[in-house]
Amino acid sequence: MPKSSFNKRPFEKAKIFTESHGFKKNIKDFFFINKKLLKKVNKKFKKNSKPWIIFSTTNKADFKKWPDENFIRLANLIINSFGGTIFFIGSPKEEKNIKKITNKITKNNRIIVSCVPLHENAAIISNSSLFIGLDSGAYNLSALIGIPSYGIMGASPPLTHLKSYKSIIPPSGAVKSIIDADKIPLEKGMGSISAQYVFDCLKKETNLFK
């Protein structure tokens, strides 16, 4: 591996590695979702109006997190502007914290909390029209499935290797490098991205909202 790859992300390193060994064919992006599970999800949520929008609020890295209050405000803006359903997804361990957010959202009868194993949430994501969340595993999974996936990227560079990756960057511009991204001042990074700013970006780029 060349020294220039030292600061690359894992998927970038993988590409450099495979190309250096002569792999010329394109590697296809693919994520298998069991058909029985898809039927189960469709049956379970068949009464929940579409479009479905996925929210993912968690990230293990503190500097990549977004305040819960912002997710509450964003959900309120969205739910008053479209006729569908919002799913807040996470792992079973994250259910308590996610419900703290959803309990403060108005019209939360149109909110569903799905804190289940990843493969079941993947089936829900595959039926959705939009994903909005942080730079996390759920964001990467949603993009891999092929859903328009908007990451709130105030503390890491935008991802571009899949067409389904969409980024909401700070008003001052995108983060350029993963190096020292954790040292970006809050007011220039995640803290500079308001709920209204995110909603305006989504409304401009999609046709889901009034």
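The values are calculated or read from the model by the stated rules, or taken from the named source; none is laboratory data. Remember, it's a predicted structure, so these values are computed and weren't measured experimentally. When we count neighbours, we look across all protein chains shown, and the Cβ atoms used for this are built from the backbone with ideal geometry, even at glycine.
Here are some notes:
- Among the candidates Leu118, Leu144, residue that is at pLDDT below 95, touching a Ser or Thr at 6+ places or on another chain (Cβ under 9 Å), surrounded by fewer than 16 Cβ atoms within 10 Å (Cβ to Cβ) and under 30 Å from Lys39 (Cβ atoms): Leu118
- Search result, residues across segment 100-155 that are more than 13 Å from Trp52 (Cβ to Cβ) and small (Gly, Ala, Ser): Ala122, Gly133, Ser136, Gly137, Ala138, Ala143, Gly146, Ser149, Gly151, Gly154, Ala155
- Matching residues in segment 190-208 - criterion: being over 30 Å from Ser4 (Cβ atoms), buried (at least 18 other Cβ atoms within 10 Å of the Cβ) and in contact with a strand residue (DSSP E or B) (Cβ under 9 Å, 6 or more places away or on another chain): Ile193, Val198, Cys201, Leu202
- Identity of the residue in segment 35-57, of a type in the set (Ser, Thr, Tyr) and not in a strand (DSSP E or B), that ends up nearest to the chain's Cα centre (by Cα): Thr57
- Residues (within 26 Å of Asn80 (Cβ to Cβ), aliphatic (A, V, I, L, M) and surrounded by fewer than 21 Cβ atoms within 10 Å (Cβ to Cβ)) located in segment 148-189: Ile168, Ile169
- Looking only at residues in segment 115-163 that are among the hydroxyl-bearing types (Ser, Thr, Tyr) and within 22 Å of Ala61 (Cα to Cα), the one that is nearest to the chain's Cα centre (by Cα) is Tyr139.
Table: residues versus (1) touching a strand residue (DSSP E or B) at 6+ places or on another chain (Cβ under 7 Å); (2) farther than 21 Å from Ser4 by Cβ; (3) in a loop (DSSP other than H, G, I, E, B).
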| site | (1), (2), (3) |
| --- | --- |
| Lys163 | no, yes, yes |
| Lys166 | yes, yes, no |
| Pro171 | no, yes, yes |
| Ser177 | no, no, yes |
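- Residue within segment 26-34 that is farther than 21 Å from Ile178 by Cβ, charged (D, E, K, R) and at pLDDT below 90 present: yes
- Residue match in segment 24-34 (condition: in contact (Cβ under 8 Å) with a residue 12 or more places away in the chain and outside any loop (DSSP other than H, G, I, E, B)): no
- The set of residues in segment 138-152 being out of contact with any Pro (no Cβ under 8 Å at 6 or more places or on another chain) and closer than 21 Å to Phe71 by Cα consists of Ala138, Tyr139, Asn140, Leu141, Ser142, Ala143, Ile147, Pro148, Ser149, Tyr150, Ile152.
- Pairs with Cβ under 9 Å, 6+ apart, first in segment 140-157 and at positive phi, second charged (D, E, K, R): Gly146/Asp29; Gly146/Lys163
- Applying the condition of being outside any helix (DSSP H, G or I) and free of Cβ contacts under 8 Å to residues at least 60 places away in the same chain to segment 183-210 and asking which residue is nearest to Glu69 (Cα to Cα) yields Pro185.
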